[in-house]
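Enquirer: Have a look at the structure that comes next, please.
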Amino acid sequence: MIVETVEGPVGYEQWEQLTERFVETFQGFFPQAQESYLVQDKDAEYRWRIITVWRSLQAYDEYRKSSNVAAGVQVFRAIGTDPAYHVSNAVRISRFTDAG
C-alpha cells in the first residue's frame, strides 16, 4: 500500500476554495486509490494536507503515468500554494473495529 501526502500552508481566506477544489478533484475520480483525506493540522490551522492511500505500488504507478503532476499538488497550486510532496510505503497496517 502506498501513502501519498501533499501539504502546504493555506490562508484562512482560501480554506473554502481548497475544500471545493479537493471535492471537485477527488470525488470518484481515481479508481486506483483506496481513499483520500483533506486534513487540517490541529495545532497549526494554516497547515493542510491531502493524504491519499493507493491500493498498491502498481496502482500508484498506473495513476502517475496518466498525470504529469499529482492531483493533490494541482489542488494546492490552484489556490496559489506550492506544496511539499511525499510518497511512503505502508509497511504494516492495523485496522480497528467498532466494538460498540
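Enquirer: Pick the calculated Cα Rg over 2.2 N^0.38 Å for this structure from (1) 1.58; (2) 1.03; (3) 1.12?
Expert: Correct label is (3).
Enquirer: Please check the chain for the longest run free of chymotrypsin sites (Phe, Trp or Tyr not before Pro) that are loop-located per DSSP (anything but H, G, I, E, B) and have at most 12 other Cβ atoms within 10 Å.
Expert: No qualifying site falls inside 30-95, the longest such stretch.
Enquirer: Can I ask one more? Give the residue list of GluC sites (Glu not before Pro) in region 12-100 that are DSSP loop and have at most 15 other beta-carbon atoms within 10 angstrom.
Expert: Answer in residue order: Glu45.
Enquirer: I need the trypsin sites (Lys or Arg not before Pro) found in region 4-100, filtered to DSSP loop residues with at most 11 other beta carbons within 10 Å of theirs.
Expert: Lys42, Arg92, Arg95
Taken together, the values in this text are just the output of simple stated rules run on the coordinates, not laboratory data. These numbers were taken from a predicted model, which means no experiment stands behind them. Cβ coordinates were reconstructed from backbone atoms using ideal geometry, including for glycine residues, and neighbour counts include every protein chain displayed.
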